[in-house]
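A.B. asks: Here you go, one structure.
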Amino acid sequence: MLVVTKFGGSSLSCATQFEKVKKIVMSDPKRKIVVVSALGKRDSSDTKITDLLYILHAHLKYSVPYQDIWNMIYDRFVGVQKELNISYDIKVDLDLLYKELNKNISQDYLVSRGEYLTAKLMSSYLGYQFVDAKDLLCFNYDGLMDEATTTKNVKLAFSTYGTIVVPGFYGSYPNGSVKLLSRGGSDVTGSILSKCLNVTLYENWTDVSGILAADPRIIPSPRAIKEITYAELRELSYMGASVLHEETVFPVQQLNIPINLKNTNDPDHPGTLIKNVCTDESSIVTGIAGKKDFLSFNISKDHMSNEVGFLRRALSVF
Ligand code: ADP
Ligand code: ASP
Ligand code: MG
């Protein structure tokens, strides 16, 4: 019995959140593979490390003074290390990164350092081996994943070390350079590792007690969904429910590995179980999601599919 346990940025925003994560991981010996995002927001007015790194990159690219933004990133990482007395000396890696900052630094590489440094902190804190995602997730130059090599790498790393921490959100191209996934992609890293190791469960820990029937930032206190199918979740996330990356379901669905979405701040709450078939049929509508500035038009007209050029004429109106 093996579990992949992924923690999002909201579960890693400060030392107190790290303490909660350690308690969760240590409370179940099946949690041997831990995936982390980068330090997230401490409160709604705060900025995620990932966003700070994107801003830092823009400053470098356009030769704008970047010391203030760098200090913010530096202080947040060092703050967590100091507060928890983590033995890994993060200042060494931060100083190395500082020396690498220049106008032409790769955006993917720089932004991926958020997850990289968070995983290094977490691995030292948990006593699990750090394994760099660039040595696991391999992508071809067309952006497609090399599944065979990735699976081989993941299996080897796990069998070598037994308990590992892996940074989410990135992998590498054949030449070794970092390739970022799309935003929120650590969810996908967790799903890929789950598939490679054919685990019993993929746990995704966040700051809400499961998938809610609507976006809690829009609808106050929506009900939590106990169970949902992969297909329903895929539909909801595609249509805007941002709680899990829309690509998360694909790798685990193939092997029928359930995903349990849980709350780091309320670990005893069962959260939502995502699987192939659901037994709970108590509600007709599973959930509601929507995208802003997204409008659909239905056009009907007899025989329109026989009319050459109809689609072009209809689109030219827009
Ligand atoms: P993490 O940092 O753990 O990856 P995210 O911020 O990516 O977390 O996703 C969790 C957030 O998704 C919640 O805090 C919530 O505001 C938002 N969200 C949007 N739609 C939903 C939904 N239907 N159910 C639950 N949360 C949702
Ligand atoms: N830290 C990255 C982001 O903010 C990836 C993730 O959180 O999954 O998009
Ligand atoms: Mg997320």
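A.B. asks: With the condition kept exactly as written, say whether any residue in region 97-113 is within 16 Å of ligand 3 (Cβ to nearest atom), in contact (Cβ under 8 Å) with a residue 40 or more places away in the chain and either more than 30 Å from Val64 (Cβ to Cβ) or buried (at least 19 other Cβ atoms within 10 Å of the Cβ) (or both). Spell out the reasoning first.
C.D. replies: Filtering region 97-113 down to residues within 16 Å of ligand 3 (Cβ to nearest atom) leaves 111-112.
Within this subset, residues satisfying the condition of being in contact (Cβ under 8 Å) with a residue 40 or more places away in the chain are 111-112.
Cutting the leftovers down to either more than 30 Å from Val64 (Cβ to Cβ) or buried (at least 19 other Cβ atoms within 10 Å of the Cβ) (or both) gives us 111-112.
Checking region 97-113: at least one residue is within 16 Å of ligand 3 (Cβ to nearest atom), in contact (Cβ under 8 Å) with a residue 40 or more places away in the chain and either more than 30 Å from Val64 (Cβ to Cβ) or buried (at least 19 other Cβ atoms within 10 Å of the Cβ) (or both).
A.B. asks: Something else now. Are there any pairs with C-beta distances below 8 angstrom linking a residue in region 19-31 that is within 16 Å of Val4 (Cβ to Cβ) to a residue that is of a type in the set (S, T, N, Q), with the two at least 6 apart or on different chains, and if so which?
C.D. replies: Val21/Ser11; Val21/Thr264; Ile24/Thr5; Ile24/Thr264; Val25/Thr5; Lys30/Thr200; Arg31/Thr5
A.B. asks: Given Ser45, Ser63, Ser37, which one is of a type in the set (S, T, N, Q) and either touching a strand residue (DSSP E or B) at 6+ places or on another chain (Cβ under 7 Å) or within 16 Å of ligand 3 (Cβ to nearest atom) (or both)?
C.D. replies: Details: Ser45 fails: either touching a strand residue (DSSP E or B) at 6+ places or on another chain (Cβ under 7 Å) or within 16 Å of ligand 3 (Cβ to nearest atom) (or both); Ser63 fails: either touching a strand residue (DSSP E or B) at 6+ places or on another chain (Cβ under 7 Å) or within 16 Å of ligand 3 (Cβ to nearest atom) (or both).
Testing whether each residue is of a type in the set (S, T, N, Q) and either touching a strand residue (DSSP E or B) at 6+ places or on another chain (Cβ under 7 Å) or within 16 Å of ligand 3 (Cβ to nearest atom) (or both) leaves just Ser37.
A.B. asks: For region 142-191, which fully contained strands (runs of 3 or more DSSP E) count at least 3 residues that are farther than 16 Å from Ile33 by Cα and either of a type in the set (Phe, Trp, Tyr) or away from ligand 1 (no atom under 16 Å from the Cβ) (or both)? Don't jump to the end; show me each part of the working.
C.D. replies: Working: elements: 164-167, 170-172, 178-180.
Those strands (runs of 3 or more DSSP E) span 170-172.
A.B. asks: Moving on to the next point. For the condition free of Cβ contacts under 8 Å to residues at least 40 places away in the same chain and among the polar types (S, T, N, Q), what is the one hit in Thr160, Thr200, Thr150, Thr189?
C.D. replies: Details: Thr200 fails: free of Cβ contacts under 8 Å to residues at least 40 places away in the same chain; Thr150 fails: free of Cβ contacts under 8 Å to residues at least 40 places away in the same chain; Thr189 fails: free of Cβ contacts under 8 Å to residues at least 40 places away in the same chain.
That would be Thr160, the only listed residue that is free of Cβ contacts under 8 Å to residues at least 40 places away in the same chain and among the polar types (S, T, N, Q).
A.B. asks: Also, I was wondering about something else. All but one of (1) away from ligand 3 (no atom under 16 Å from the Cβ); (2) touching a residue at least 60 places away in the same chain (Cβ under 8 Å) hold for Thr206, so report the exception by its number.
C.D. replies: The single condition Thr206 does not satisfy is (1).
A.B. asks: Further, regarding this structure: Do the conditions hold for Ala224, that is, is it away from ligand 2 (no atom under 16 Å from the Cβ), within 19 Å of Pro258 (Cβ to Cβ), surrounded by fewer than 20 Cβ atoms within 10 Å (Cβ to Cβ) and of a type in the set (A, V, I, L, M, F, W, C)? Outline the logic, then answer.
C.D. replies: Values: away from ligand 2 (no atom under 16 Å from the Cβ): yes; within 19 Å of Pro258 (Cβ to Cβ): yes; surrounded by fewer than 20 Cβ atoms within 10 Å (Cβ to Cβ): yes; of a type in the set (A, V, I, L, M, F, W, C): yes.
It is true that Ala224 is away from ligand 2 (no atom under 16 Å from the Cβ), within 19 Å of Pro258 (Cβ to Cβ), surrounded by fewer than 20 Cβ atoms within 10 Å (Cβ to Cβ) and of a type in the set (A, V, I, L, M, F, W, C).
A.B. asks: If you don't mind, there's one more thing I want to ask. State whether one or more residues within region 180-197 are over 21 Å from Leu255 (Cα atoms), surrounded by 15 or more Cβ atoms within 10 Å (Cβ to Cβ) and away from ligand 3 (no atom under 16 Å from the Cβ).
C.D. replies: Of the residues in region 180-197, the ones over 21 Å from Leu255 (Cα atoms) are 180-184.
Still in the running and surrounded by 15 or more Cβ atoms within 10 Å (Cβ to Cβ): 180-181, 184.
Restricting the remaining residues to those that are away from ligand 3 (no atom under 16 Å from the Cβ) gives none.
No, that holds for no residue.
A.B. asks: Which residues, taken from region 68-82, are closer than 15 Å to Lys48 by Cβ and β-branched (Val, Ile, Thr)?
C.D. replies: The answer is Ile69, Ile73, Val80.
Every number here is computed from the coordinates shown, using simple stated rules; none is lab data. From a predicted model like this one, the values you see are computed outputs, not experimental measurements. Neighbour counts run over all protein chains shown; Cβ positions are idealised from the backbone, glycine included.
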